[in-house]
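To start, the structure under review is shown below, and the notes come after it.
The values are calculated or read from the model by the stated rules, or taken from the named source; none is laboratory data. Because the structure is predicted, anything quoted here is derived from the model rather than measured. Don't worry about glycine lacking a Cβ; one is built from the backbone with ideal geometry, like all the others, and counts go over all protein chains shown. Areas reflect the complete protein model, heavy atoms only, side chains present, ligands, DNA and RNA absent. Shrake-Rupley method; radii C 1.70, N 1.55, O 1.52, S 1.80 Å.
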Amino acid sequence: MPRRINIRQAVMAADEKTANRLRRDLKERGILMVNLIGSPGAGKTTLLESTLPGAGFRSAVIEGDVATSRDAERIAKTGTQAVQINTHGGCHLEAHLVEKALMELTLDMVDIIFIENVGNLVCPAEFDLGEDHKVAVSSLPEGPDKPLKYPHLFSEAGAVLLTKIDLYQYIPFDKDLFWGDVTRLNPSAEKIEISASAGDGMQEWNELLSRWLGDKRR
Ligand SMILES: Nc1nc2c(ncn2[C@@H]2O[C@H](COP(=O)(O)OP(=O)(O)OP(=O)(O)O)[C@@H](O)[C@H]2O)c(=O)[nH]1
Ligand SMILES: [Mg+2]
Ligand SMILES: [Zn+2]
């Protein structure tokens with residue numbers, strides 16, 4: 001009988017090794033890596049644009065998109081180094097792509113690396129990129145039913161951010177339903193309501209990142 005190799009499993013196993021290697025290397029360097037995951041337009045880049053200036057830590061950003069370097073250009077305008085990965089149709093990032101992107105960054109003076117994953121609520125949650133924490137970014141206009149409909153991401157996330165809460169006055173949104181479902185799926189997830197445009201929740205977000213950084217360096 002010819003031996004059959006499940007290519008998907010083999011590729012994922014190789015990527016898992018890469019992810020673990022990246023996490024170990026970054027631990028030695030005292031660098032925290034955070035993987036932002038959410039639908040297209042959930043507000044991931046805007047959150048980063050508001051997080052980076054004035055934060056008490058030094059950052060670098062890896063931008064994942066199917067096409068264009070628009071998000072990396074937006075980040076570069078804040079004065080933070082950014083590298084763009086284009087997946088050319090791929091709907092998520094993988095650890096070997098992150099490894100290549102890391103080689104493009106100068107990490108000597110960096111405390112936190114943010115990865116903005118390809119806008120997608122489904123498969124990015126399946127892939128370990130070597131990050132310390134996945135962060136689920138869900139925006140108010142998407143509706144409060146998303147945690148139960150896309151449970152994998154919300155179960156895996158170290159933090160769930162509900163973004164664009166300045167729109168609460170215009171768009172009906174059942175916050176109790178949203179946070180109740182998040183808590184049932186993932187009782188230990190950090191939960192923050194954010195408006196990057198109005199500034200709400202930004203202090204809590206920065207404090208969480210500082211705490212995670214301290215934990216990583218301990
Ligand atoms: N009202 C409001 N709009 C926001 C907020 N944050 C982002 N937006 C808007 O939402 C839209 C999408 O924001 P982006 O930050 O580009 O979203 P993204 O998640 O990076 O999108 P992709 O990279 O395409 O997945 C833009 O028009 C932003 O101006 C917010 O806090 N409040
Ligand atoms: Mg973006
Ligand atoms: Zn995918």
- line: Rounded to whole angstrom, the alpha-carbon centroid of the range 162-204 lies from that of the range 87-117 at a distance of 27 Å
query: Under unit Cβ charges (Lys, Arg +1; Asp, Glu -1), what dipole magnitude, rounded to 20 debye, does the range 7-217 have relative to its Cα centre?
result: 280 debye
message: On a full-extension model of 0.36 nm per residue, what is the gain between residue 109 and residue 74, subtracting their alpha-carbon distance, rounded to one decimal in nm?
response: 10.5 nm
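Take the chain, mark every one of the chymotrypsin sites (Phe, Trp or Tyr not before Pro) that falls in a DSSP loop and has at most 14 other Cβ within 10 Å, then report the longest stretch left between them, sites excluded.
Details: sites that count: 57, 170.
Value returned for the longest uninterrupted segment is 58-169.
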field: Linear extension gain, residue 6 paired with residue 168, 0.36 nm per residue minus alpha-carbon span
entry: 53.6 nm
query: Once all Cα-Cα distances of the range 77-192 are split into 10 Å bins that start at 0, what whole-number percent is in each one?
result: 12, 39, 31, 16, 1
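Rounded to the nearest 500, what is the chain's calculated 222 nm mean residue ellipticity when only DSSP H runs of at least 4 contribute -39500 (n - 2.57) each, over all residues?
-11500 deg cm²/dmol
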statement: Computed ³J(HN,Hα) along the range 116-132: with the Karplus parameters 6.51/-1.76/1.60, θ = phi - 60°, integer Hz and x for glycine or proline, the list is 9, 6, 4, x, 4, 8, 9, 6, x, 5, 7, 10, 7, 9, x, 6, 8
field: Counted charge near residue 20, where neighbours are those whose Cβ lies closer than 14 Å (Asp, Glu -1; Lys, Arg +1)
entry: -4
query: Accessible area per residue, 1.4 Å probe, Å², for the range 1-132: what's the number?
result: 50 Å²
- line: Both in Å, the radius of gyration and Dmax of the C-alpha trace of the range 7-217 are 16.2, 49
task: Report relative contact order for the range 7-217 in percent, whole number only (criteria: Cα-Cα under 8 Å, sequence separation at least 6).
output: 24 percent
Gained length - residue 215 relative to residue 149, 0.36 nm times residue gap less alpha-carbon distance: 20.6 nm
statement: Applied in sequence order to the range 20-30, the curve 6.51 cos²θ - 1.76 cosθ + 1.60 (Karplus, θ = phi - 60°) yields integer Hz couplings, x standing for Gly and Pro, of 5, 5, 4, 4, 5, 4, 5, 4, 4, 8, x
- prompt: Leaving out ligands, DNA and RNA but keeping every protein chain, what accessible area does residue 149 have, in Å² rounded to the nearest 10, with a 1.4 Å probe?
  reply: 120 Å²
message: Out of the total accessible area of the chain (probe 1.4 Å, heavy atoms of protein only), what percent is carbon and sulfur?
response: 51 percent
message: Roughly how far apart, in whole Å, are the Cα centres of the range 32-78 and the range 123-146?
response: 14 Å
- prompt: Using θ = phi - 60° and the Karplus curve 6.51 cos²θ - 1.76 cosθ + 1.60, what whole-Hz ³J(HN,Hα) does each residue of the range 73-81 get, with Gly and Pro shown as x?
  reply: 5, 4, 5, 4, 5, 7, x, 9, 5
